[in-house]
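Have a look at the structure below, then the notes.
Read-outs throughout are calculated quantities, based only on the coordinates presented, and are distinct from any laboratory measurement. Predicted model, so just to flag it, every value in this text is computed and none were measured. Neighbour counts run over all protein chains shown; Cβ positions are idealised from the backbone, glycine included.
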Amino acid sequence: METVYLIIALAPLVGAIIAGLFGKKIGKTGAHTVTILGVGLSFGLSVWVFVRLVFQGMPTYDGNVYTWMMAGGYSFHIGFLIDHLSALMMLIVTFVSLMVHIYTIGYMAHDEELWPSDSQVRSTAYQRFFSYIALFTFSMLMLVMSNNLLQLFFGWEAVGLVSYLLIGFYMNKESAIYANLKAFIVNRVGDFGFLLGIAALFAYTGSLNYEEIFSQTGKLATATVMLIPGQEWSLPSVVAILLFIGAMGKSAQVPLHVWLPDSMEGPTPISALIHAATMVTAGIFMVTRMSPIYELSTTALSLMLIIGSIGAFFMGLIGVVQNDIKRVIAFSTLSQLGYMTAALGASAYAAGMFHLMTHAFFKALLFLAAGSVIMAMHHEQDIRKMGGLRKYMPITYVTALIGSLALIGFPGTSGFFSKDSIIEAVELSHIPGAHFAAALLILGVFVTALYTFRLFFLVFHGRERMDAHTRAHLHEPPWVVTLPLTLLALATIGAGGVMYPLLFGDFFRSIYVAPDHNVLAELHHHFHGALAFLIDGFLAPPFWLSMAGVLVAWDVTLYRSKLGIHVHSRLGWVRTILQNGYGFDAFNDYVFARGARGLGRLLWKAGDALLIDGLIVNGTARVIGWTADRLRWIQTGYVYHYSFAMIIGLLVLLSWYVLR
Amino acid sequence: MFSHWPLLSLVIWTPIIGGFVVLGAGERANGARRLALIVAVATFLLSVPLFTGFDSQTAAMQFVEFQPWIHALNINYYLGVDGISMPLIILTTFSTVLVVIAGWEVIKEKQTQYLAAFLIMEGLMNGVFAALDSILFYIFFEGMLIPMFIVIGMWGGPRRVYATLKFFLYTFLGSVLMLIALIYMYTKSGSFSILDFQKLHMGITAQILIFMAFFGAFAVKIPMWPVHTWLPDAHVEAPTGGSVILAAVMLKIGGYGFLRFALPITPDASQTLSGVMIFLSLVAIVYIGFVALVQQDMKKLIAYSSIAHMGFVTLGTFVIYVIARHYGLTANLGEQPTPASLAAFNSGVLALEGALVQMISHGFISGAMFLSVGVLYDRMHSREINDYGGVVNRMPIFAGFLVLFAMANAGLPGTSGFVGEFMVILATLHGNFWLAFVAATTLIIGAAYTLWLIKRVVYGPVTNPKVAALQDINLREGVFLGLLAVAVLAVGIWPAPLLDVMHASVHHLLQQALTSKLS
């Protein structure tokens, strides 16, 4: 089986290398063929592995491929752990990736037009893009298939690298290369915590292998660490919080979320694949994988509940005032990642994973639909200049509607099952902060419906606000675009069906939940079949809140449409706050970016140049020069001067000798 | 078949003699550079059997050569390598090949002399790593300054006189102190052998004074804050090849010196002063990182980044004492290892090997970065970051290499830059969380200064017409950048072979470093 796993991981890498290094030779067709073949092979084998594992009772695989290094009796390996959790992730990653690969054929077909004509990177932009997304797929697979934290970190940083390359794909655009630098550095802030978390765990367990770490949880549970003299802290809390800081970077949790909205500078297919469906959920996956550690720390769980729910509500609010089609969806992603994090905080890891999966489908769908709109609109992204697209692009319209309904959790869609189970799990949780979190998550439902349908109505309904030229060219994109939309829409509808085994069955065997945290088991008690859950869904407050949100959206965009387009002029200071994203960017720019440069300049000019070089180094030289200058006076060269000095010296010595 | 060859003498004297032959070739530049390349490649090939024929099971010196030299003072021509010095010799021979290729067309004036200087320097540096007699070491150690002095002074930039003087005085001042220490130890032991020094028992005062002398010699070389200010000046003025050798090999001699001399000869002083050394290392990592952020000159930026990266070498070297203290391991490793002493020992190995890997990796990465800047400088005659922007539009292949090396410089996993830093941080946290915390900020600061450089040089629209006229790299440039890319990736993806040769020697070194000489 090891060979199969190797092929699953390496097939996209081979495609990426061929498309990347020989892009010019194999041309556009060659590039997308070879990468799609690679990712397609991975997807096919992932399905096969999933089926064997889940339905045919194949045992979990945990084995090393090679020894990365050995030092001081510690060994570090590259290896695979294929259990239900990683098999599910492999399925999600390869499926969405395959869809995005196919979609990209249509989306990037005329990409050269966006490049300066004399740029030498222009002609291979298409091939480079395919190479990057295939490389991303490889990295993401290495991340989820890993059996240890080292390889997870490899994948973690590699997806960050590809994200960096893709956000800055249009490398002549100042905003794009600003955004990718920002994304990388903010992620590095998270990685800083993550690496320390890994190191702390390693210091106490002597291993980075999951199996070996988890076998020592009994010992870890009571371990304490004194970081500040006199303060004994629980080691699992310290480790869990440090690891979570990594997740905050990658999964864009407040306050490390600032990079994700800007990442929309990248081409739309990667917004779907990387910045919605897969990479940003790596943090959620990591926490789920490390559940035996997190279960030892109520503090960390509580922190996740609070951070997650804050993101879920407040990031959604920003989405309401955005006018760029992609930025609306980006803030929606921030909000949904908040829901997942809150689920983890409530120890409902399975619900978090379930939402990760449904979100991967419907959010990829929404992004790809947005990309389809952007293509039709000739790269116009301002929703105030759209409207009435429904009749020009029926497939995009229907699939976007399905995605939107799933996003607001309309009963029956997959988003309903996953989001409702998160909300109910958080309501049932006894972890400190759960009440606060539950309130925010429920309010978030209203906000979600508001921004989602504001976007939907502004784009597909109402007056056609684009110029005549654009309107004349509006049309449905080719099948390579509509096919992925359709397949993702089907997945969006169908994915809710796996709720029972995922949440209440023993699907996620590797997730450990402490008995007193087990909200899903409690939820199971209240669960009386999917139909009852569905009917309950229609009666519960979230449904009415979301309907209210849709209604308000309809009111402000269609019914009193002026209001919707100029919504900001009515909201005054609230609008200012939201449009500035609560001032996070301004603060970071001012304090961290400018502060770091200021500090650097100070240390350089005052420390290196003035103090060390000016005072000590050149100062020494000056002192030597000065002394030599004075000493020169006695080097007169006259013999009688020297003999005079000799006689004086002799006299002094003699008198000292005599008088002693 | 090589086992009976005097390989160490060959890797020392082949390039030195070769260098003089090249000099003798005079103005026939084409023949001279070919000869230089042949000598450099031959030396590299001669160094390969050092790796393949190396016995990684033993900590003893290998490929030993011993010839009495000055009987009266018991000074000998005594060579040998262990797992600590052998990889550094290969780094030296590898880097020299690249430098010869890099100077192939670019150096227009006195090319034969330029290439000869590097060949002679290579032999002397190999001598530094291979010498087991301290006087021999000292001669090589001082001798290698002369060709470097000439390289910067002859082929350097406008402020080369200031830079060479600063370079020479800084490094010379420190090493004179070391000579006194060596003579003192000779009076105590009757031998100049480094291995005999390591067995010499000395009181704490003597150890501290000797340590200070070593500090003077080696801290300047690394360089550690605050004796680092010669490096940015030297780099800025040096020609590309000079910068490459300076960063890739010469700085390592400082790190090597601490491992070969300070830890085993003065373990108690090292322990006593480890706090200071770690403090200076962390200052290098953080303070210098911030200084690198605001540099306008590409070479200066990379020079400062080198200092920050070398901070991990000294941190890994001296953090072993913090780890030992944390686990209550005060003096000697007991006969019966307890779990605590075992953990202390194991993470100490991790720290020292991390420092060594960081040296090798930094050799590749800083060499690559300086060569890349050289590629740009040859075309634009400017090192100012602001003169660039949008290079990728004209030089896509070069940009690909530069981004790879930048990522390695920022310590991305999968590149060699990650391995050493990762090991040192991992080990440091065994001893003290906050030390690891400060060291790990390099993840953020390193990424910030490196990628900001990339943003301003590689990406963005082309605004400078001179950038618009740039030509992508040729085959010759592709060869040296490609070789380095392979090296950077190979060590990043599979560091095990590199580490395997170090284990036995590092274990032995750690034992020496943790064994008090006072009792």
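Worth a mention:
- Directionally averaged shadow of the stretch B:93-211, computed from the convex hull of its alpha-carbon atoms, nm²: 8.5 nm²
- Based on the Stokes-Einstein relation at 25 °C and a viscosity of 0.890 mPa s, and on the Kirkwood radius from alpha carbon pairs, the stretch B:359-468 is assigned a translational diffusion coefficient of 163 µm²/s.
- Where the alpha-carbon atoms of chain B are placed on the principal axes, they occupy 70, 52, 44 Å, in descending order.
- 4 °C / 1.567 mPa s Stokes-Einstein diffusion coefficient of the stretch A:530-660, Kirkwood radius on C-alpha pairs, µm²/s: 52 µm²/s
- Rounded to whole numbers, the Karplus 3J(HN,Hα) couplings from phi for the stretch A:239-255 are 4, 5, 5, 4, 5, 5, 4, x, 5, 5, x, 6, 9, 6, 9, 4, x Hz, using 6.51 cos²θ - 1.76 cosθ + 1.60 with θ = phi - 60°, and x at Gly and Pro.
- Listed by Cβ neighbour count within 10 Å, with the fewest neighbours leading, B:Asp82, A:Asp629 appear as A:Asp629, B:Asp82.
- For chain A, the longest principal axis of the Cα atoms and the long axis of helix A:349-376 meet at an angle of about 80 degrees.
- Taking N as its residue count, the alpha carbon Rg of the stretch A:3-100 over 2.2 N^0.38 Å: 1.27
- Translational diffusion of the stretch A:232-360, estimated by Stokes-Einstein from the Kirkwood radius over alpha carbon pairs at 20 °C in a medium of 1.002 mPa s, is 149 µm² per second.
- Site-free segments of chain B were taken between trypsin sites (Lys or Arg not before Pro) in DSSP loops having at most 14 other Cβ atoms within 10 Å, sites themselves excluded; the longest one is B:160-519.
- When the Cα atoms of the stretch B:271-386 are aligned to their principal axes, the ranges along those axes come out at 64, 23, 16 Å in descending order.
- Computed from Cα positions, the angle between helix A:479-494 and the longest principal axis of chain A comes to roughly 80 degrees.
- Cβ neighbours within 10 Å from other chains - mean over A:195-204: 6
- Over the stretch B:6-89: Rg over Rh, Cα atoms, Kirkwood Rh: 1.09
- Rounded to the nearest 10 degrees, the inclination of helix A:174-205 to the longest alpha-carbon principal axis of chain A is 80 degrees.
- Helix-derived mean residue ellipticity, 222 nm - over chain B, DSSP H n ≥ 4, -39500 (n - 2.57), to 500: -23500 deg cm²/dmol
- All-pairs alpha carbon distance profile, chain A, 20 Å steps from 0, percent: 18, 48, 21, 5, 5, 2, 0
- Environment charge of B:Leu451, counting only residues whose C-beta is closer than 12 Å and scoring Lys/Arg +1, Asp/Glu -1: +4
- In the stretch B:182-301 the Cα-Cα distances spread across 5 Å bins starting at 0 as 2, 11, 18, 20, 16, 12, 10, 7, 4, 1, 0 percent of all pairs.
- Here the simple spin-label model places points 7 Å from the Cα toward Cβ, and for A:Leu490 and A:Ala223 these points are separated by 4.9 nm.
- Highest to lowest packing among B:339-346, B:447-454, A:71-78, scored as the average C-beta count within 10 Å: B:447-454, A:71-78, B:339-346
- Considering only the Cα atoms of the stretch B:55-112, their convex hull presents on average a projected area of 6.7 nm².
- Here is the list for the stretch B:78-133: GluC sites (Glu not before Pro) lying in DSSP coil, each with at most 14 other C-beta atoms within 10 angstrom of its C-beta, are B:Glu105, B:Glu109.
- Over the protein assembly as shown, volume per residue of the alpha carbon convex hull, in Å³: 205 Å³
- Reciprocal of mean inverse Cα separation for the stretch A:4-58 (Kirkwood radius, Å): 11.8 Å
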